[in-house]
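The values are calculated or read from the model by the stated rules, or taken from the named source; none is laboratory data. Worth saying up front: this structure is predicted, and the values here are computed from it rather than measured. Backbone-built Cβ (ideal geometry, glycine too); neighbour counts: all protein chains shown. Surface areas here come from the heavy atoms of the whole protein model, side chains and all, with no ligands, DNA or RNA. Shrake-Rupley method; radii C 1.70, N 1.55, O 1.52, S 1.80 Å.
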Amino acid sequence: MTTNDTKAKKTWRPATELVHGGTSRSQYGETSEALFLTQGFIYAGAEAAEARFNGEDPGFVYSRYANPTTAMFEDRMKALEGAEAARATASGMAAVNLALMASVKAGDHVVAAKALFGSCRYIVETLLPRYGVESTLVDGTDLDQWKAAVKPNTAALFLESPTNPTLEVIDIAAVAEIAHSVGARLIVDNVFATPIFQAPLTLGADVVVYSATKHIDGQGRCLGGIVLSDEEWIADEVMPFVKHTGPHMSPFNAWVLLKGLETLPLRVERQTATAGRIADFLAGQSAVSRLIYPGRDDHLQAEVAKRQMRGGSTMLAFEIDGGKEAAFRFTDALEIVKISNNLGDAKSLITHPATTTHQSIGEEARVELDISDGLLRLSIGLEDPEDLLEDIQGALDAIR
């Protein structure tokens, strides 16, 4: 590989960074990023191999540790997020698990918001306690609950904002201050906001995680995740975990995600504009008893959203009168919008959280989180807004 193209560049705006940031070219001068489908690397001699392994030579050793294509994805995400270091993972859940496991040891304590994706709750509530890490769940929008939950042995605080699937917006700066008062790290899952609309590190978060499967790929092609933070923590805590447990991203997926980053602002801005129109439409429908969208003034945390987000979201949630039966009839009547548990795609996707993504947390937890049987989560894609509005109107007509 040649020297990184962007080392001496001036500061770029996000759209430019996402096309050019972190690019390294081989001796062939390729336009698109090179795809290095290799497991290992060849050394010029035994001394060169020794230097590579003892850190004197910063080159690549094994693709389970690092790979040139994956490194470009990490570098581009670092530039976008304003992070010192990053490690890419095989999936979003691998990123969440890596961030939490690299933050704790037996005897530590974690505080997390209750409103989490089902698999994230499993790690916090079930997996960490198996290894001697105590956990406490709180209402993420209630700062007094965060303050009351932290202890001298609290090592990490964890939250999503906006949350999945009820789109609560948590005050990241305020929670960061609480975390730092006891020397804990704040980990923020930024998937619903995307790096285009929210920058947690600038708000005081210590670690940002993404499921790159969502908006970063944004076209339903591959899985991926990433953890971003300061260089010291990534080197001392995250990298050993990556080397010895193997969650690193494949080079092919990194290449696909690099291509996704080039169009991320265009897609997210278009999807968000459409989401705002659809939210306004649904707010006026008699069959919809509740509409949740962070870009509207009637959102319960509208002021926090305006303060820390640069846009609404590609996501919205709404409750259909008539519970599960009506919700199922609505989703089955849709023609353009597809039923799926994924989100952040070019295709509009609808999810019934109570029976899919949040089924595993149990009915009691769903009631506590206000995830009713009539609640639907809608991820807006790139279709024509008029076609989506007509499709949703047709589904509403079908349940009347």
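Quick rundown of the values:
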quantity: Matching option when the condition is assigned to a strand (DSSP E or B), modelled with pLDDT of 95 or more and within 16 Å of R377 (Cα to Cα), among A317, A279; calculated: A317
quantity: Residues (open to solvent by 10 Å² or more (accessible area, probe 1.4 Å) and in contact with a Gly (Cβ under 6 Å, 6 or more places away or on another chain)) located in segment 240-258; calculated: N253
quantity: Residue selected from segment 17-42 under the condition open to solvent by 60 Å² or more (accessible area, probe 1.4 Å) and not hydrophobic (A, V, I, L, M, F, W, C), by the criterion modelled with the highest pLDDT; calculated: Q39
quantity: From the options E237, E231, residue that is open to solvent by 60 Å² or more (accessible area, probe 1.4 Å), acidic (D, E), in contact (Cβ under 8 Å) with a residue 60 or more places away in the chain and touching a strand residue (DSSP E or B) at 6+ places or on another chain (Cβ under 7 Å); calculated: E231
quantity: Any chance D332 is in a loop (DSSP other than H, G, I, E, B) and either within 24 Å of G92 (Cα to Cα) or open to solvent by 20 Å² or more (accessible area, probe 1.4 Å) (or both); calculated: no
quantity: Residue among V96, V104 that alone is in contact with a helix residue (DSSP H, G or I) (Cβ under 6 Å, 6 or more places away or on another chain) and among the β-branched types (V, I, T); calculated: V96
quantity: Segment 43-54, subset open to solvent by less than 70 Å² (accessible area, probe 1.4 Å) and either aromatic (F, W, Y) or assigned to a loop (DSSP other than H, G, I, E, B) (or both), residue nearest to E262 (Cα to Cα); calculated: Y43
quantity: Residue list for segment 170-189, restricted to those being surrounded by fewer than 24 Cβ atoms within 10 Å (Cβ to Cβ) and either under 12 Å from the mean Cα position of the chain (by Cα) or among the charged types (D, E, K, R) (or both); calculated: D171, E177
quantity: Residue satisfying all of: in segment 199-213; surrounded by fewer than 24 Cβ atoms within 10 Å (Cβ to Cβ) and in contact with a helix residue (DSSP H, G or I) (Cβ under 8 Å, 6 or more places away or on another chain); nearest to T163 (Cα to Cα) among these; calculated: A199
quantity: Cross-chain or 6+ apart pairs with Cβ under 8 Å, segment 36-58 first and without any contact (Cβ under 8 Å) to a residue 60 or more places away in the chain, then aliphatic (A, V, I, L, M) and assigned to a loop (DSSP other than H, G, I, E, B); calculated: G40/V61; F41/V61; R52/V61; F53/V61
quantity: Which numbered condition T357 misses (of (1) open to solvent by less than 10 Å² (accessible area, probe 1.4 Å); (2) of a type outside the set (G, A, S); (3) in a loop (DSSP other than H, G, I, E, B)); calculated: (1)
quantity: Breaking point among (1) open to solvent by 60 Å² or more (accessible area, probe 1.4 Å); (2) farther than 18 Å from D321 by Cα, for D391; calculated: (1)
